[in-house]
Amino acid sequence: MNRLETVMLLSLLMVFSACEKVVQIPLNETEPQIVVEAVAKSLTGQSYILLSRSISSYDTSYDFEQLTGASVTVSEPSGGGVVFEEDPMVVGRYIHPAFEVLPNTNYSLKVSYKDQVLEATSRSMTAPQIDSFFVYQNIGGPGQNPDDTTNVLIYTVSDNPDEKNYYRFVLWINGVKENTIFIETDDLGNGETYTSPFFGMSFDSQDTVYAELWSMNVQSYDYFSALYTNLNQSPFSAAPADPPSNIENGIGYFGAFMMDTTSIIIP
Amino acid sequence: MQKLLWSVIFVFIAFFTYGQGNVTLSGNLKDEETGEDLIGARVVVAELPGVGALTNDYGFYSLSIAPGTYTVTIKSLGYESVTLEMDLSTDKTYDLEMTVEGKVFGTVTVTGEKLDENITSAEMGVDKINMKDIENIPVLFGEKDILKTLQLLPGVKSAGEGSAGFFVRGGSADQNLILLDEAPVYNASHLLGFFSVFNSDALKDVKLYKGGAPAEFGGRLSSVMDIKMKEGNSKRLSVSGGLGLISSKLTIEAPIVKDKGSFIVSARRTYADIFLRLSKDERAQNSILYFYDLNAKANYRLGKKDRIFLSGYFGRDNFGFADQFGFDWGNATGTFRWNHLYGDRLFGNTSVIFSNYNYKIKFGAGEETFQIGSEIQDINIKEDFDFFINSKNTMSFGGNIIHHTFRPGEIETGSDIGFTLNDIENRYSLESAAYISNEQKIKKRWKVVYGLRYSNFTQIGPGNIFSYDLAGNVTDTTAFDDWEPVSSYHGLSPRLSTNFSIDEKSSLKASYARTYQYIHLVSNSTASSPTDIWVPSSNNIEPQVADQVSVGYFRNFYDNMLEFSVEIYYKDMRRVIDYRDGAEVTLNPAVEGELLYGIGRAYGLELLLKKRRGKFTGWVSYTLSRSERKFDDINDGAWYAARQDRTHDISIVGMYNFTDRITASATWVYYTGNAVTFPSGKYSIDGQIVNLYSERNGYRMPDYHRLDLGVTLDNKKFKTVLDAESGKEVQVEKRFESSWNFSVYNAYGRENAYSISFQENAETGQTEAVQLALFKIIPSISYNFKF
């Protein structure tokens, strides 16, 4: 309900005399940490592992050092290991042309960089299923003029009744990745066909929207849920914390995701 | 266990009542003008120093002494004392209506009475507020608020800028039991915590126990705030009201049958939305933003020995946009009470209490709606007895049983919405308690209040109950039938407080209390959020427990004009609750899996110097304190400062009566900034810049300080009329009283930080610490009237 509180706060601020200013707060800096973004997908050849480092809060260079020369292996319980090679196009990105995640399988990740070894494991779930994407034209609404129209994108997914499911939608609008994290569980309708709008999103006519629906285990879901909270702090938010990472000796996440994809052109 | 306690009660009664040839003086004390019961008024006997009785919550007193003729004095704070000779050869009933002090002089309060109750009472760790002070102390938007005024006393800290939420002695906000006519109020604030739900016009008495609460109270770790509503004027129709900057209020009270029964109805509503409707902007016109409160109470005396009361509160916040979005929340409480006098020494009260808090969020209109809600509801049956054994012993005992219903998530959808969602299952529990407590005077100098409270909490069916592993994931589900016990907890809470009078001017006090808390507030917000939910103890959640010890020294100066106290306390807390990082509170059936359990400790020193009489009144309070928590999963299991940990907390309150018509007041507060979590680095993931945190609450917000000023101008209270008989001009009190109140909140305009966030500058990309200050200088004006 963070967004709701933010809306309420903004309304209050209109009434009251709030003011914002930049202040100097000295911060204790910590040692740079290795950041792992390891996305193992069921889509052949589309998995990637990004390696970088954290920097100090007031660093103005914005140089999150991309780590090259690391040895990156993703292995399955059968014993097979797949070595991910550095992407010649993107520094610090490691890929494999044929790798794909299979359902209900344990995977482990091992990254060796200089004298540091980072490890993580993740288990994939069954494949998710997108039933449909459609657009609903909303007229008026909170914060809108009465004749404003909004293109609301609505999705329908079918949930697997035999397992506890956790989902994330990732959207690309005209080829650009949307930063908003859309996550969902089947808590309120296990095994149901679930329909929902992408809250807070508005699309222009002729936009091409490509979507990946990721199905994941609870550890990955908790990570994204905490990441969402972390990125959406309001003045009322409880103490922020780092998302619970499954990377040993580092931060970030390693997830084995089963996927379904679809795309739509907004009419 | 309960049987044992009842046996103890009867043995006690038998012991204390054995072999007594005393007579009993008993009766009711009331305000002469309004007929309101006087709580805590004293009846003392000149011939028997140290012997006396206090009126209970319903104005009843009872004093048993050896037969004889005595000089009896009846006194109550703010009222003229009455002294009379009494022949007490047999039991006697004496009722009295007392006159407000100063009334006869038509001037500022003058009193010859000794106001030394703070010295003589065994109570410690208690904050009381004079309802008159609330009228004068300046507050945000001029909205008089008991919760905000209480924050100016030692040991009580504000939950944030302008907030009605509070922390007591290092405890969290949900560890305060807030009772309105015995009914718990589960969410005591409006508009994200900026205003409390208590309309001060409808209130009679407020008492905050910071530690060592009597055995009658239980269920929260840190404090009990006992608020009593007015009974209503039983003498005549009386109307009062006020027009303020953001709200208006109206109170009507009148006798039902004169001197037998009365009622009061008090309402308050804000009107920001009415101004929004005048706006040219269509969006503003369609916005909804208001809250209202309704308090009502009636009482009726059925006979000499019986009296009934019915009181209720209903309040709601509404926030929304046209018919497309709605968010509303509020409390409803109801209390039915029956007082009965069993003989002249045993006073009994039976209460049936209802309390409900719920919120609803609605999206869409017509058949295309989607609505979610959450609710907690209590039905409580309570029986209390005051047994005035003799002049040395007053015993209280009783018990209660509460049926709690928790509805964590109710979902309703319109027929056109195209999907269905399941509600989150309700949870039920029974919370019961029995207690016994005795206030005993030992010789002339000692007074001891000792008691025992036994409480039980049983989670009952129906429901599918989850079990969790250590990581908070559901491992098992078991189905339970209606009323079938799922899990049960119980605890014994000893309570002790004692007072040793060193001399007439000073005393030493000490207290110990154990408290249990069986229901817990789950919140992912630092402000009081309407979507916070209460969860019961269960097979997964154990109750919170605390032990608190405190000692204090109390001393009065200049014939009780100045009052000084110093108290120190130590509080040990176990199984306190925090949340996993990224915990989801709303609509989460497995919310129990999101909780973490730890321990806590809080300790501090509280100083209070108060000037109670004269043209200048007020107080200075200072608290030096620490509050820490320890969780295995937070900060690697090390002790860390709780959010409410503030080292120094100072409040200075001054009120000056220039004339009987002009009162000026000023308050100044200073406190160390909250403990807060700031980042210690940043990194990039998923294409976004994310803050890296290393330590929970490892930083401090900037220090907070603020000055508020206020002036109250009373219109002339008297008019001059020509007396027909004597032909002379005489002063007559006006029926219609009115006053203007002007105040300035944050008079020197300090930009106190409400929050500090670390974000990227939109132009430079540079990470900046951005401070949000909510209120700079807020002037306000209000007009109040009474007739």
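Some notes on this structure:
- Using only Cα coordinates, the Kirkwood hydrodynamic radius of segment B:488-601 works out to 17.2 Å.
- Shielding score for A:168-179, defined as the mean number of other chain Cβ atoms within 10 Å: 1
- Theoretical gain in end-to-end length, residue B:93 to residue B:505 [0.36 nm per residue, Cα-Cα removed]: 145.1 nm
- Rounded Å value of the spacing that divides the Cα centres of segment B:586-651 and segment B:135-156: 19 Å
- Counting 0.36 nm for each residue step from residue B:379 to residue B:300 and taking away their Cα separation leaves a gain of 26.1 nm.
- Exposure proxy shown here: for B:732, B:206, the number of other Cβ atoms within 10 Å sets the order, fewest to most, as B:732, B:206.
- Highest to lowest packing among B:427-433, B:734-740, scored as the average C-beta count within 10 Å: B:427-433, B:734-740
- In percent, rounded to a whole number, the relative contact order of chain B is 10, using alpha-carbon pairs under 8 Å and six or more apart.
- Largest-first ellipsoid semi-axes for segment B:685-787, taking √(5λ) over the Cα gyration tensor eigenvalues, angstrom: 60, 12, 11
- Rg then Dmax, both in Å and based on the Cα atoms of segment A:159-266: 15.3, 46.
- In this structure, residue B:392 and residue B:82 have a Cβ-Cβ separation that, at R0 = 30 Å, corresponds to a calculated FRET efficiency of about 0.80.
- Volume in Å³ per residue [convex hull over Cα atoms, computed for segment B:120-226]: 108 Å³
- In terms of its C-alpha gyration tensor, segment A:58-153 comes out oblate, because a/c is 1.5 or above while a/b does not outweigh b/c.
- Working from Cα pairs under 8 Å separated by at least six residues, relative contact order for chain A is 21 percent.
- Label point distance in nm, residue B:403-residue A:91, each placed 7 Å from Cα along Cα→Cβ: 7.0 nm
- Label zone of residue B:714 (point 7 Å out along Cα→Cβ, amide N under 16 Å): in segment B:71-92 this covers B:78-80.
- The alpha-carbon of residue B:571 sits under 25 angstrom from the alpha-carbons of these lysines, leaving out residues fewer than 8 places away in its chain: B:128, B:148, B:157, B:207, B:210, B:447, B:509, B:630.
- Whole-number D in µm²/s for chain A (Stokes-Einstein; Kirkwood sum over Cα pairs; 37 °C, 0.692 mPa s): 157 µm²/s
- Sorted by Cβ density within 10 Å, fewest first, the residues B:405, A:68, B:672: A:68, B:405, B:672
- For segment B:604-748, the relative contact order comes to 17 percent (Cα pairs under 8 Å, sequence separation of at least 6).
- 0 to 90° range, to nearest 10: angle between helix B:2-17 axis and chain B longest Cα axis: 20 degrees
- When both segment A:27-104 and segment A:208-267 are represented by their alpha-carbon centers, they are found 16 Å apart.
- Placing a label point 7 Å from the Cα of residue A:62 along the Cα-to-Cβ direction, the residues of segment B:729-768 whose backbone N falls under 16 Å from that point are B:759-768.
- Using the rule -39500 (n - 2.57) for each DSSP H run of four or more residues, divided by the residues of chain A, the 222 nm mean residue ellipticity is -3500 deg cm²/dmol.
- Segment B:607-716: C-alpha pair distances exceeding 22 Å, %: 56 percent
- Set of aspartates and glutamates near residue B:682 by C-alpha distance (under 13 Å), chain-local residues within fewer than 8 positions excluded: A:29, A:31, A:59, A:63, A:65, A:242, B:760, B:768
- Footprinting exposure proxy ranking of B:225, B:655, fewest other C-beta atoms within 10 angstrom first, gives B:655, B:225.
- Stokes-Einstein diffusion coefficient of segment B:357-501, Kirkwood radius over Cα pairs, 4 °C, 1.567 mPa s, in µm²/s: 67 µm²/s
- Ordering of A:157-164, B:147-154, B:30-37, B:189-196 by packing [mean C-beta count within 10 Å, highest first]: B:189-196, B:147-154, B:30-37, A:157-164
- Hypothetical label at residue B:33: residues of segment B:117-132 whose amide nitrogen lies under 14 Å (7 Å Cα-Cβ projection): B:131-132
- Sequence ranges A:172-182, B:211-221, B:563-573, ranked by mean other-Cβ count within 10 angstrom, highest first: B:211-221, B:563-573, A:172-182
- Take each residue in B:768-777, count the other chain C-beta atoms within 10 Å of its C-beta, and the mean is 6.
- log₁₀ of I(q)/I(0) at q = 0.12 Å⁻¹ - segment B:437-493, Debye sum with one point per alpha carbon: -0.54
- Projected label points at residue B:605 and residue A:28, each 7 Å from Cα along the beta carbon direction, are separated by 2.7 nanometres.
- A Förster distance of 56 Å, applied to the separation of the beta-carbon atoms of residue B:133 and residue A:98, puts the FRET efficiency at 0.10.
- Cβ neighbours within 10 Å from other chains - mean over B:319-325: 4
- Here the Kirkwood formula puts the hydrodynamic radius of segment B:682-740 at 18.9 Å, using every distinct Cα pair.
- Size of chain B as Cα extents on the principal axes (Å, biggest first): 88, 66, 52
- Here the translational diffusion coefficient of segment B:237-330 follows from Stokes-Einstein with Rh set to the Kirkwood radius across Cα pairs; for 4 °C and 1.567 mPa s it amounts to 83 µm²/s.
- Tail beyond 58 Å, pair distance distribution of the protein assembly as shown (Cα, percent): 19 percent
- Chain B: calculated mean residue ellipticity at 222 nm from DSSP helix runs of at least 4, using -39500 (n - 2.57): -1500 deg cm²/dmol
- Here the extension length gained between residue B:342 and residue B:430 equals 28.7 nm, from 0.36 nm per residue of separation less the Cα-Cα distance.
- Modelled FRET efficiency - R0 22 Å, residue B:71 with residue B:559, Cβ distances, 0.05 increments: 0.55
- Projected label distance in nm at residue A:137 and residue B:310, using a 7 Å step from Cα toward the beta-carbon: 5.6 nm
Values in this text are rule-based calculations from the coordinates and carry no lab data. Just so it is clear, the model here is predicted, and its values are computed rather than measured. Here the Cβ is made from the backbone with ideal geometry for all residues, glycine too, and neighbour counts use every protein chain on show.
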